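All of the numbers you see were taken from the coordinates with simple rules; none came from a lab. Remember, predicted model here, so these are calculated numbers, not experimental data. Note that we place each Cβ from the backbone using ideal geometry, even for glycine, and neighbour counts take in every protein chain shown.
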Amino acid sequence: MGEDIRTVAEAAEEHCPRRHEAHADPSLAPTVELPAQVTTKPQRAKSPAEWAYERLILYIQNFESTLDAEHEVAMGFAGSDAGVLRIEGMGFFEPDIVTFYGSDAGGAKTQLIQHVSQLSVILRAMPKAQPAVAPRRIGFRLAADLEQEAEKDAPAVSQGGQD
């Protein structure tokens, strides 16, 4: 009788996050492992914005891992006339806003602010803006930022048994 009663959704959340993909070309399968920030903090403790942000980082990283040195990741927005955005930054504003920073195909500074319920993006390979410069890989910078946030959020470990 001392057992906790849970809904089906709560029970399912215990198994999150899970990722599965199948590709005709196995070399396109995700190569980036799920970072600790995504797997250790329970999904129910995250706002919809944080949860969407973390998963977008993984998709961007995986997409970038398939690009050659002549291309960078850009994002198109499904169902929108916003065009393509060369991704230079990304963030979220809890509880439900994700924002993208970058430049459009013409080089104009661009920011898209989107509610998570409207989030539908297309990742595209776009020729580098400056062919002689090494491609910028934003996915790995985003993941590093995510890891730094996880370290800040981690509870302090007490030393020597004193509080």
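Computed 3J(HN,Hα) for the range 91-106, one whole-Hz value per residue from the Karplus formula 6.51 cos²θ - 1.76 cosθ + 1.60 where θ = phi - 60°, is x, 9, 10, 5, x, 8, 10, 10, 10, 10, 10, x, 9, 7, 4, x, glycine and proline marked x. Multiplying the residue separation of Ile122 and Ala24 by 0.36 nm and removing their Cα-Cα distance gives an extension gain of 33.4 nm. Here's the list of lysines a cross-link from Lys109 could span, going by alpha-carbon distance under 24 Å and ignoring same-chain residues fewer than 8 apart: Lys128.
Note on the range 42-136: Rg/Rh from Cα positions, Kirkwood definition for Rh, rounded to two decimals, is 0.99.
Charges only on Cβ, +1 for Lys and Arg, -1 for Asp and Glu: so what's the dipole of the range 37-149 about the Cα centre, in debye to the nearest 20? Before the final figure, lay out the partial values.
Values: 11 positive and 14 negative charges, 13 e Å.
The calculation lands at about 60 debye.
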